[in-house]
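Here the structure comes first, spelled out in structure tokens, and everything after it is commentary.
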Amino acid sequence: MNKKVYILAIASFVVGTVELILGGILDLIADAFHVSLAKAGYLISIYSFVYALSAPILLNVTAKIERKKVYMWTLFIFLLSNVFSAYSSGYYMLLIGRILAAASGSFIIVLSTTMASRMVKPEYQGRAIGIVFMGISGSLVLGIPLGILIGNALGWRQVFVMIAILTAIIMITVWFTMERLAPAPIVPLKTQVKALRNKKMLAIHLATLFVLAGHLTLYAYFTPFLQETLGLNTTMVTIIYGIFGLAAVAGGGLGGAVSDKWNPSSSVITMIALFFVSMIAMPFGVHLPFIVFLLLMIIWSALSWAVSPAQSNLIIHSARDTSDILISTNAAISHVGIAIGSYVGGIVVNQYSVIYNGWVGSIFVLLGLFCSLYAVTRTESTADTLHSK
């Protein structure tokens, strides 16, 4: 295993903190700009939509440029976006900062994933991708709990200052330790669209969309869920997020390792099925002893982050020659799912109660399971579809 993969994981950690932190400080943002909790939640939705659109486009625009150079410039733009967010004077200025962070952050994650898979031997690709995803899930352990603490102690703006400082450190680390990496062969944008004609790949992408939509229906509003159903204070919410993050890190690594050991198709189906059960169980867990609820949450967290590296490994095994662009497309679609989930979650919170978010989310996950079952039964070649006239 190439140790340089861990550098990419660290960069993913910083990006993951920006992407996921708002779920823990939504109440602070809403209070600061005098908007509803749902409107504050739309900062997550819009971030995800921009994230989804940006990655495939930026991957094509920079396709001929050496990867380390692209990586450094993207990190720099990401740093500036967080400085802009920290000093925003209104809701819409913060929205602009989030849009810039989404565009650059999406590209950092896609570059990290594809570069990691190229740095290692084929038999370690699942684990390399899993390590990158562990960086993202690691932000749940340190980045988000620390962000909540800083936000409540010093104000939400200092959270973005912290992220900007971390990004600067990552830039220095990447500059001095990462080697140059030649760009992968170019796949035209119209060829990416052709991928959706392949029923197997379309089903894999839809499974990703539905699973992430289901997860974010609850996770985007996890703080009000904990406060309203269990009556937890800020300190306890921070601790819960830390436990969630530890489980997520373990799940990200587990998803990559299991997909290497097992058939990728079997690992994806098993993980999504178990994730569906955990989503249904979460609202019931608040009525059980607290230790039982914690165990349910740990399982839910681990499974939520085990699915993505397994899905990425399935894509690599389904279309090795075009896996870079297909993983980029899958990452884009995953953020459409995140946007849908956070938007639907806001509707549920406004119209009904946050207790129902888990059950509504489980419906999306079930749809994802059906799509995955369909995908693994298809035998047509993804490469043939991509290269057809």
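The values are calculated or read from the model by the stated rules, or taken from the named source; none is laboratory data. The shown structure was predicted, so the numbers you read here are calculated from the model rather than taken from an experiment. Note: ideal-geometry Cβ built from the backbone for every residue, glycine included; neighbour counts use all protein chains shown.
Might you let me know whether segment 176-191 holds any residue that is out of contact with any Lys or Arg (no Cβ under 8 Å at 6 or more places or on another chain), modelled with pLDDT under 85, under 17 Å from Ser334 (Cβ atoms) and not in a helix (DSSP H, G or I)?
First, pick out the residues of segment 176-191 that are out of contact with any Lys or Arg (no Cβ under 8 Å at 6 or more places or on another chain): 176, 185, 187-191.
Cutting the leftovers down to modelled with pLDDT under 85 gives us 185, 187-191.
Filter once more, keeping what is under 17 Å from Ser334 (Cβ atoms): none.
No.
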(Q) Would you confirm, using the coordinates I've provided, whether Ala273 is surrounded by fewer than 19 Cβ atoms within 10 Å (Cβ to Cβ), farther than 28 Å from Leu154 by Cβ and in contact (Cβ under 8 Å) with a residue 40 or more places away in the chain? (A) yes
Q) Within segment 14-37, can you find the residues that are farther than 18 Å from Ile338 by Cα and either surrounded by 24 or more Cβ atoms within 10 Å (Cβ to Cβ) or in contact (Cβ under 8 Å) with a residue 24 or more places away in the chain (or both)? A) Val14, Asp27, Leu28, Ile29, Ala32, Phe33, Val35, Ser36
Q. Among (1) out of contact with any Phe, Trp or Tyr (no Cβ under 9 Å at 6 or more places or on another chain); (2) more than 17 Å from Lys200 (Cα to Cα), where does Val336 come up short?
A. (1)
**Q.** Among the residues listed as Val211, Val237, the single one being under 16 Å from the mean Cα position of the chain (by Cα) and crowded, with 17+ Cβ neighbours inside 10 Å
**A.** Val211
Q. Is it the case that Arg180 is over 20 Å from Ser81 (Cα atoms) and basic (Lys, Arg)?
A. yes
Q. Which of (1) modelled with pLDDT under 80; (2) outside any helix (DSSP H, G or I) is the odd one out, the single condition Ser89 does not satisfy?
A. (1)
Q | Per-region count, segment 282-300, residues without any contact (Cβ under 8 Å) to a residue 24 or more places away in the chain and in a helix (DSSP H, G or I) | A | 6
Q: Within segment 277-313, track down each residue that is surrounded by 19 or more Cβ atoms within 10 Å (Cβ to Cβ), farther than 28 Å from Ala375 by Cα and aromatic (Phe, Trp, Tyr).
A: Phe293
Q.
Contact list please: Cβ distance under 7 Å, first residue in segment 220-231 and among the β-branched types (Val, Ile, Thr), second residue modelled with pLDDT of 85 or more, pairs at least six apart or on different chains.
A. Thr223/Val237; Thr229/Val286; Thr229/Ile355
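Among the residues of segment 108-123, are any touching a Phe, Trp or Tyr at 6+ places or on another chain (Cβ under 7 Å) and closer than 16 Å to Ile163 by Cβ? Full working, then the answer.
Looking only at segment 108-123, we keep the residues that are touching a Phe, Trp or Tyr at 6+ places or on another chain (Cβ under 7 Å), and these are 108, 111.
Keeping just the survivors that are closer than 16 Å to Ile163 by Cβ gives 108.
Yes: one or more hits.
Is there a residue being of a type in the set (Val, Ile, Thr), more than 22 Å from Gly345 (Cβ to Cβ) and modelled with pLDDT of 85 or more anywhere in segment 75-82?
Checked against the condition, which is being of a type in the set (Val, Ile, Thr), more than 22 Å from Gly345 (Cβ to Cβ) and modelled with pLDDT of 85 or more, segment 75-82 yields at least one hit.
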Q) Quick one: in segment 152-165, which of the residues that are surrounded by fewer than 23 Cβ atoms within 10 Å (Cβ to Cβ) and within 22 Å of the chain's Cα centre (by Cα) is nearest to Phe78 (Cα to Cα)? A) Ala164
Q. Going through segment 58-108 one residue at a time, which ones are of a type in the set (Gly, Ala, Ser) and either surrounded by fewer than 19 Cβ atoms within 10 Å (Cβ to Cβ) or over 18 Å from the mean Cα position of the chain (by Cα) (or both)?
A. Ala63, Ser81, Ser85, Ala86, Ser88, Ser89, Gly90, Gly97
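Which residues, counting only those in segment 7-65, are outside any helix (DSSP H, G or I) and modelled with pLDDT of 80 or more? I'd like the intermediate steps shown before the answer.
Start the filter on segment 7-65 by keeping residues that are outside any helix (DSSP H, G or I), which leaves 21, 34-36, 62-65.
His34, Val35, Ser36, Thr62, Lys64, Ile65, listed by residue number.
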